[in-house]
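The values are calculated or read from the model by the stated rules, or taken from the named source; none is laboratory data. Every value quoted in this text rests on a predicted model; they were computed, and no experiment measured them. Cβ sites come from the backbone with ideal geometry, for glycine too, and all protein chains shown count toward neighbours. Calculation scope for accessible area: heavy atoms of the full protein, side chains included, ligands and nucleic acids excluded. Shrake-Rupley method; radii C 1.70, N 1.55, O 1.52, S 1.80 Å.
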Amino acid sequence: MAASGHRQVITVSDPTALAKAAAERLLARIDANSDRVAICLTGGSSPKQLYQLLATAPWRSKIPWDRVHWFIGDERFVGSADPLNNMAMARRSFLDACAPAANIHPIPTDTVNPDEAARRYERILQSFYGADRLDASRPLFDVVLMGVGPDGHTASLFPGYPAIEETQRWVVGVPEAHVEPFVPRVTLTLPALGSCREMLFEVAGSEKRAILTRVLAGENLPANQARAVGETIWIVDQAALPENLGGR
Ligand code: 6PG
């Protein structure tokens, strides 16, 4: 699978349409792989509606839960039940009701520090993958969900931070966040996140318009550096879309 580098932008009317479009893409990727499937989830508020949708009957019944594994692209270094915990939000929204516990793979935050959590999660990912080197022809994930922050960060890869330059490690600790919530983070790196058949960004709301304008202008921001070895797709709603591209 060659790196395409190309990004496709899909425009939808509103957050409800966005969640549905993302769910359809997720389902298509699951259906395309008759073996074990790996999905890397994201935190923040953007994916909540998608997660809640997946737990509703029409979607829930279409997912072969036993063979789908759920990971997370970054975590806030807080307890697993803390309201700020990204995986806790995904668990509450759909995983606990739908997925076998053994298929849920949270970033551990009961470690002495974020670096140790990163090392442990890297081992978890490498053991799942069956190798400690990523092979572009055999992506780690089927789908990686992503969001973009007001400063252009994605996962917990903040602009100008050393984590963005990492080429060897799959997961790193981030001692300080660049935006709220100001808690240390643990994040997958660009090579690990990019090892996927599809990277899917969800962007909705007028508060995202300023950063989306910068991203689409090609500014050197983490969200622009994150690319899949497969397809990179941004699903964007009307409110987030810059006016010159048809936003209202
Ligand atoms: C986190 C996220 C982060 C998020 C963006 C967008 O831990 O905060 O993983 O990268 O995706 O900040 O967040 P919103 O969806 O809340 O705007």
Just subtract the alpha-carbon distance of Glu207 and Gln225 from 0.36 nm times their residue separation and send over the number in nm, one decimal.
-> 4.3 nm
Quick one: go through the range 75-104 and flag any residue whose amide nitrogen is under 16 Å from the point 7 Å out along the Cα-to-Cβ line of Asn113.
-> 77-78
For Ala17 and Arg36, extending 7 Å from Cα along the Cα-Cβ vector and measuring point to point gives, in nm, a value of 3.9
Of all DSSP beta bridges in the chain, antiparallel share, percent nearest 5 | 25
Quick shape check on the range 1-74: root eigenvalues a ≥ b ≥ c of the Cα gyration tensor, a/c under 1.5 is rounded, otherwise prolate if a/b tops b/c, else oblate, and it reads rounded
For the chain, calculate the relative contact order in percent as a whole number, restricting contacts to Cα pairs under 8 Å that are 6 or more residues apart.
-> 26
Inter-site label distance for Glu165 and Lys62 at 7 Å from Cα along Cβ, in nm = 4.4
Sequence-separation-based contact order of the range 134-233, relative, with Cα cut under 8 Å and 6+ spacing, percent | 35
Heavy-atom accessible area ranking, 1.4 Å probe, most first, across Arg197, Arg92, Arg133 | Arg133, Arg92, Arg197
What distance in nm separates the simple spin-label points at Ala28 and Ala217, each placed 7 Å from Cα in the Cβ direction?
-> 3.1
Which of the peptides 56-65, 9-18, 81-90 is most tightly packed, and how do the rest follow, going by the mean number of other Cβ atoms within 10 Å of each residue?
-> 81-90, 9-18, 56-65
May I ask you to compute the full-extension gain from Ala131 to Ala101, defined as 0.36 nm times their residue separation minus their alpha-carbon distance, rounded to one decimal in nm?
-> 8.4 nm
Say we join alpha carbon atoms closer than 10 Å with springs in a Gaussian network model of the chain; which of Val229, Val148, Val179 then has the biggest fluctuation?
-> Val179
Cβ-based net charge around Trp234, under 10 Å, with every Lys or Arg adding one and every Asp or Glu removing one | 0
Mind checking the dipole of the chain: about its Cα centre, +1 per Lys or Arg Cβ, -1 per Asp or Glu Cβ, Debye to the nearest 20?
-> 500
Return, ordered by residue number, the residues of the range 110-127 whose backbone nitrogen is under 20 Å from a label point located 7 Å along Cα→Cβ of Ala81.
-> 110-112
Could you pull out every residue, at least 5 positions away or on a different chain, whose amide H is within less than 5 Å of the one on Val9? Hs are placed 1.01 Å off N in the peptide plane, and Pro or chain starts have none.
-> Trp234
Hydrodynamic radius by Kirkwood, which averages 1/r over all alpha carbon pairs of the chain, in angstrom | 17.9
From phi via Karplus (6.51, -1.76, 1.60), per-residue ³J(HN,Hα) for the range 23-36 in Hz, x at Gly/Pro = 4, 5, 5, 4, 4, 4, 5, 5, 5, 6, 10, 7, 9, 6
